Each structure stands twice: as C-alpha cells, then as structure tokens.
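So the structure is just underneath, and the comments pick up after that.
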Amino acid sequence: MDINNNEKVRKSIRIFIKVFWNLTLIFLIGCLMALSFAGGVGAGYFASLVKDEPIRSYDSMKKDIYNYEETSELYFRDNKYLGKLRTDLDREEVSLSDVSQHVIDAIIATEDEHFYNHPGIVPKAIMRAIIQEFTNSSVKSGGSTLTQQLVKNQILTNEVSFERKAKEIMIALRLERFFDKDEILEAYLNVVPFGRNSSGRNIAGIQTAAQGIFGIDAKDLNLAQAAYIAGLPQSPFGYTPFTKNGEVKEDLSPSLNRMKTVLKRMLDAGYINEKEYKEALAYDIKADFIPPKPNTVEKYPWLTFEIEERAIKILMEILAKKDGYMIEDLHQDNNLYNEYYMKADKNLRQNGYRIYTTIDKDIYDKMQEIKNNYQYYGSDKVETVKDPETNKLVKVVEPVEVGAILIDNDTGAILSFIGGRNHELKQLNHATKGLRSNGSTMKPLLVYGPAIEMGVLHPGSVIPDVPLQIKAGPSIWEPKNYGEGYHGLTTARYALAKSYNIPAAKIYSSIINRDPVQYLEKMGFTSLTNGDRSHLSMALGALDRGVTVEENTNAFATFANGGKFVDAYMIEKIETKDGEIIYQHKPNPVQVFSPQTSYLIVDMMRDVLSYGTAAGVPGKLKFRSDWAGKTGTSQDYKDSWFVAFNPKVTFGLWMGYDTPKSLEKSYKGFSYSQRNQKLWAELMNGVYDVKPEVVSTNEKFTMPGGIVQKAYCATSGLLPSDLCKRAGLVQTDLFIAKYAPKEVDNSLIEGAYLANGDKYFKVPDDFGSEFVMKGIMLNPDFLKNEGLEGIKNIEYLLPKNGNWKNIIIPEQNNISDNGKAPSPPENVQLNGNQLTWNSTTEPDIIGYRIYKLDKPEAPPKKIASIPKSSQPAYQITSDSGIYYVTAVDIRGNESNKSKQITIQPKENEEDIIDDDILPIIDPTQH
C-alpha cells in the first residue's frame, strides 16, 4: 500500500507525532518544574542549614586558619634548647617557601588537582559525593577541596552531617575571596595530620612530619619522600609507618601502595616525567625512616613535668587577670580554679610558646649523673601497702630516695635539682613536691633567727642543756638530745653548731607566744597548719604536713641575702611563637630578718662546718668557700638533711624513704648523716667541675654595721664580773649593738664548802674551819631565777671541759655520817720530798691531818690539814722527822695513825726507819 497516497495513514502519523511532541513537551516542562522545585527546595534546605552560621570577617577567618595549635618549646638557661612540651600532638609551623616543591605538587595532584582553578569548591565533585552518599556506594571519591579541608580542620569540626558540609561549602567560598591560594595552601600544610613520628607521637604539619619520619626539614624532602608523606593525610593512622610504640610496622604495603598512587597522579598531572617516576618507584623509602628519638619527657621527666606545671600556673594567673580575677580568687573557688587550669593547660599546649627556664643544662646533667652513680644511699626496704585497685595488701620494695635543689642567692633562680632516683619507679618530685619533716634544719629558721631578731638571744646567750620538762597543754614535753646526753651551760652558738635539741626547745618555748611561725610564712613555707603554730616540737622540725626541699632550701638563702627572702623560680620568661613576651619573671624580695640578725645566724652556722655536725664537709670539697649551713634529722632517723650556702648559692639535700621509716645508722661504713653529707659534697664538686664560677667564690659574708664584739661570762651571757674573770670563764662573741648586754654577771659567788672526792658539800652549821675550802660557785639566787634550783643533778649544769672545773657546785644534801670510826690511810710513802697515801674510800671522810714528831719520844704536832678533794699528798719541807697521816670524818672523828715515815738528818745519811720499830703514840692525847 502506498502510504503517501493513503491520507488516512498520513493523518494517523501526524496525530501520533503531535501527541508524542505534546507528551514530550509536557514531560520536559514537568522535569523542568521538578528541577526548579528541587532546586528551590535544595536552595531552601541549604539556606536552612547555614542560617545560624555568621558571616565571617577576614580577621576572624585569618585567626582561625592560622591557629595551628603549635607545640610549645622548652629551653634551658642561656637559651639552650631542651625539647618540646608534652602534648597529644606535635606540630611545628613552617612557611610555604620552606617546603619542597615536590611536596606541594604531590599534595595538589593527590588531594585537589583543580586547586589553583576552583573558587573553593568543585560542584561536580560535590554532586558525585552526594550521589555516592545517597546510593550508599562502596566507592567514595570525596568532594572536598583543600580549602574545604582547611575549613573543616580549623573552623568547623569533623562532624559528619549535611549541616556541617553546607557550612563548609559556604565558608570555603568566602575564604577564597579573602585569601590567595598560597596562603590557603600554607595553612593547610601546617594543620593536616600525618599520623605518627618515629617515637610513636601524633604529628601534624609538614615540617613535623618531615622531621618525625625522615629527620630532615620539609624543604629538603626528595621526590620519593614527598610522595610518601603526601599520601598520608588520606588515612593518617592507616598509612603511618610507625606504631604508637615507635616501632616500624611489619606491613608497610598500604602506605607504599599509596605512595605509588601519588607518584602516578603526579606523572599524569605533568609534575614529573617518566624517568623521575620510575626512579621514585625504585627508591628504598624504608631506609630513610629514622629511629625513635627520646622525647623530652623520657630524657628529662622530672624537669619537663615541673616546667609544665609552673608554666600552667603562670598562664592561669595571666588568663584570670584578663578576666578580672586575682590568683586569690582561684584558690578560694575550686570550680574557678579548675576552669582556668584547663584553659591554661590548653593554651600552653596549642599556642607554640617558647618557655625559657633557669635550669643550667650542664649542671643538671652532671647532678643526675652523680646521683645515679652514688653507692651509699642505704639498703632498699620492703613496705606493705594497700593496692588501690584490688584493695589487697601487697609488698613493694622502696629504695632510699633523694631530693636536692640548687638556688642562686641573688635572683632566686633554680639552677638545678634532683627529683628522685628513678622516675619510672616513683614520679613524685622529691625536690619540689615531697613534704617531709625538716628536722634540725628548722632551728635557725624558726628558733635562733626569730629569737635574735626579737632581741631575746645572742650567739653568746647561755642556755642550760639539762633535763627539761615543758608544759604543752595538758601534757608535759620532755625533749631529748641525740644520744640523750646533757652538756650543761652552753652558748646558743655552740648548741646550734652541735645541734643540741634541749636548748632549741627552751628558746622556742620562750618565744612561741610571739608567733615565730610568721617568719616561716615570710620565707615561703606554704604547707603550714594552724596546729603548727602551737606545737613546741616545731622547734625540732616536727611539722604536721612537712616542707619541700625547695621551700626549706629557699628559706636558708634568706640568710645569705642579708635577711631578704627572694622566692625561688624556674620560669624566666614565656614568649609567643612571634617573639612577644607574655611573661617575664620579676623578683619581689621580702625583708624577713635585719641584716644584723642574718649575719649573726650566718656566723653561727659557719661553726656547723668548722667544728659542728658537718665538720667533715669542707675536707670533701675540691674548692674553698665561705660556707654556712645546718644538718637535720627527724625523729627516728626518718629524714636526713643538709642545707648550706655561700655568698653565691644555696644547696639543700634530703634523703629518706617515701614511706617514712628509719634510715640505717650505718651503711658501708658511713652513718646516715655522713652518707647525706658525702653526696652533698660530691654534687657540689660536680657543679664545680662543669661550672666553677657558679659555686666557687673568694667573696665572704661581710658584717654589717650595728654589730659589736663584746666579752661576756660563759655562765650567764652577761658582762663578766671579777669572779668570772678569776674563774677563767670570760668569752667573746658578736652582739647586735642595741641588744648587747649591759648588766654585769651575778651568777657566781665565792663560798665555803667541804669536799669528798669529786663531790662538794655545804658546810654544816657550827662546823670548824679546818677542812672548809673557799671557792667560786654558782649563786643560788641565779639558779632560782633561771628555774634551775630544782634540778636533780646539779652537775649537769657544768660542762666537763676547760675552766669549768674551777666552778664549785655543792651537793644538795650534806655528807652523811656512816656511824663508824674512820680507818687510817693506807700505802703511805715518801717519794722524794712528797708524802703520799691512798685516798680513803669511806663516804663520810672530809680530810686528812698530817702529823710530825721531831723525835720518837716527842709529842706529835699537826702540821697540815688536807681536804679530801685535794691530791692525797703533802710536800715535806723540813730535813728530818717522823710523819704519819690520819683520816677525819664529818663528825670530827679521827682515825688511828697511818704507817709512820721517818726522815733522818742528812749528815747521818741513814736510811728511813719503818714505823714497826717506833713506839705507838695515841694521837687523841695530842
């Protein structure tokens, strides 16, 4: 059939075409309307997602994208690099000009091939990513440009949501309007994460990655290294070559395959040629991995943590002050304190500060070396403690621990310290955090210093070191000396040098009502309690909580500074990464003691090292200096201290167990105090070896005006009387002029007494004068005024050395008659011209009479009376005669005569005749 001639067919075709066209047109119009509607809905939805996002200014976005959270750096004294601060993420900023072109090319080829052409987003890539998301495709090509990734990392969050993605797109478009491509790329390279470094630490930023993986700067990365690093950001911890322990992964195929992908994209993009591509593929990248580097915490654990804590406290105060708070406000409100602590901690770890410390690297390293090699700490001890996790008792081995600190006197700068023996075993910083009793090192700080400042004590003040009872509330305190001996009337100077406890306790009890603890507070003691103010045992270092080595040592530096307390510090200054100083230490000296008091204490503590409890220290030092110091031991030998200073530095050392227990009295031939002082000296010698100018000086402490040297009587500390001079008890010492004694000593009188050996007795009433002796003795009124009249053993009062033997102390009771007739003296002999005999052992004998007969038949004549305290001897001056001796008791009873000794006239030259050929004469008849 001819279609052309068939009108009916043609008509049907025209109708079909018209209907098809209309349907197509309707469909197209419908699609267009649907697309318009979808676009409108999409635009509306997009608008609803970003409606709360503010229009960000250039300054706001600049601040955000350049907030790299850079790791802070630490420095020793004199700007010597120490390392990076402990942080969860290491990052170091670098300029784009200091980045290898290979890295730039690799990143662009891999992460954003259209970077230099797009306006911040690639719509096609976004649509592809959306479709993949809605279809739940297993292949994700990603839709983020470098600009978008920068926005996500620095301005927004990693939250997976359409709202965050919408904001990301909007901000990326705006960011591209204000910043050029190189600025965006530089910021991106400084913030993108790169997995872990060879030490297992998290890293971000191209410079940190180059250093942490290959040990070189970002500008020196070759093609293969650049490609390897550029492949990491897609999956930082999947591709990173290192484990969290700093070990190279066994399977590196994921990262090596990723490296090949990066190189292929660089080749396809024309950044490298075929030859470069093949050479990079053949490159042994594993050979360039660097070994783990000991981080700052591992090498300097105590130091790093200490700097970190002090820096946080400094930043807390700065941040709080900006918000109108004082540091006191933080300490009064725990919530406020915690808030600013967290702020300061984050601030410190993110802002890339440079923290400059006072620690001298050479000295610090040398002290750790000596501490580690020291062989005389003492034995480890087993301690039973409760495990906090299992709540069961477990046994742990505790070594003798050590804490030490070296402080510059003038500035208060902490030059070095020892935090402990082994940080892995015990993290406590024993120099700055451990609270312990400071034993007798407390005496100059709390007792002698304040008492001299108050004018109630001088170096020459006399304090009785005798049994002492002091009422302390409802109880009685009976302080004891080391060894529980007594030393009688002793000076404050001598008592401090020998570290006698009783004199210190007696002095402190006399000033405790004047709040001497205030002096400790002025010298930086921060752990004092209200109870400490009332405890008499504080005089001997018995603190409720204790004191740190730093605070105790710092307080001693007050005397070296002429009475000014300069608070010790470790942070010299803190700078921003741009060099702006946000903190600079400024000293704030506090006058605690007058220069006169301070010098007297210094002079007294010199004696500790000359003849006192640290007399062995100077001989152990390689250098000489004007040292003054104090030893200290707590109760039951749980703590051993030595703190000493010269005009330049103050150095304090503590030893003890963490769980307080007694130190061994002897270990390898050295006592606990000798072990402490030996280590102290070795450490000082070590400092001298590396930095002699720090500790060695010919300078001496100079005496200020207002001090005089005066004579005093050793019995009372007052001006010498004639009797004191006759007794040979005049001494000299230094006094603050306005407090120097003006009264004359009245502690001595001249009195009569009877002697019986080495004991002296009062003369009974109506007693004859024959054996009564005259001598210098303590005045009963003086004893009463000093509260010593009731002392049980009065002989405790007098030292056993020097001219003290010239002082007579009568016994409290009279000589008791034993009710028997005296026995005659025995062993009478003539040695030359000296008649001698044995002293009678009977307790009531008070003396001896010497008789002479000119001839055998002549009556005897008493020629001498010898008190029993004297040497049992008599010097014969005549040429001849017959001699014998009798003993006399307290009631006047006389013994029979002794053996007789006859001396013949010289011209007869006859021998001495024994008494057995002479008639016996009854002495009572004469």
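The helix-only estimate of mean residue ellipticity at 222 nm for the chain, built from DSSP H runs of length n ≥ 4 each weighted as -39500 (n - 2.57), is -10000 deg cm²/dmol after division by the residue total.
At full extension, ASN79 and GLN709 could sit 222.0 nm farther apart than now, given 0.36 nm per residue minus the alpha carbon distance. For the chain, the longest principal axis of the alpha carbon atoms and the long axis of helix 162-178 meet at an angle near 90°. By the count of neighbouring beta-carbon atoms within 10 Å, fewest first, PHE559, PHE237 end up ordered PHE237, PHE559.
Put the Cα centre of region 570-601 next to the Cα centre of region 733-751 and the gap is 42 Å.
Taking other C-beta atoms within 10 angstrom as a stand-in for reagent exposure, ASP333, ASP345, ASP733 fall in the order ASP333, ASP345, ASP733, fewest first.
Only Lys, Arg, Asp and Glu carry charge here, each on its Cβ (+1 for the first two, -1 for the last two); on that basis region 707-808 has a dipole of about 400 debye about its Cα centre.
Taken over the C-alpha atoms, region 395-695 has Rg and Dmax values of 18.9, 68 angstrom.
Taking label positions 7 Å along the Cα-Cβ direction at both GLU664 and GLN829, the computed distance is 5.2 nm, reported to one decimal. For the chain, the longest principal axis of the C-alpha atoms and the axis of helix 595-610 are separated by about 70°. Note on SER95 and LEU173: with the Förster distance fixed at 22 Å, the Cβ-Cβ geometry gives a FRET efficiency of about 0.25. Once R0 is set to 60 Å, what does the formula 1/(1 + (r/R0)^6) return for the Cβ-Cβ distance between SER610 and ASP345, expressed as a FRET efficiency to the nearest 0.05? Approximately 0.75, to the nearest 0.05. Using the Cα coordinates of region 546-632, the gyration tensor eigenvalues translate into equivalent-ellipsoid semi-axes of 33, 17, 12 Å, sorted from longest to shortest. A crude spin-label estimate for the pair LYS278 and GLU521, with each label 7 Å from Cα along the Cβ direction, gives 8.5 nm.
Its relative contact order, with pairs defined as Cα atoms under 8 Å and 6+ residues apart, puts the chain at 8 percent.
Spacing of the modelled spin labels on ARG726 and SER878, each 7 Å from Cα toward Cβ, amounts to 3.3 nm. Fully extending the segment from VAL394 to ASP329 would add 19.2 nm, taking 0.36 nm per residue of separation and subtracting the current Cα-Cα distance. Residue order for THR358, THR841, THR553, fewest other beta carbons within 10 angstrom first, comes to THR841, THR358, THR553.
Helix 253-268 versus the longest principal axis of the chain: what is the Cα-based angle in degrees, 0 to 90, to the nearest 10? Here the helix axis deviates by roughly 50 degrees. Peptide packing for 737-745, 491-499, 813-821 was compared via the average number of neighbouring C-beta atoms within 10 Å per residue; ordered from the highest value, the list is 491-499, 737-745, 813-821.
For percent of Cα pairs over 46 Å apart, several values are listed as (i) 29; (ii) 38; (iii) 55; flag the one computed from this structure. Step by step, percent of Cα pairs over 46 Å apart for this structure corresponds to label (iii). Note on GLU580 and LYS264: the extension gain reaches 109.3 nm, defined as 0.36 nm multiplied by sequence separation minus the Cα-Cα distance.
No value in this document is a laboratory result; all are computed from the given coordinates. Just so it is clear, the model here is predicted, and its values are computed rather than measured. Cβ sites come from the backbone with ideal geometry, for glycine too, and all protein chains shown count toward neighbours.
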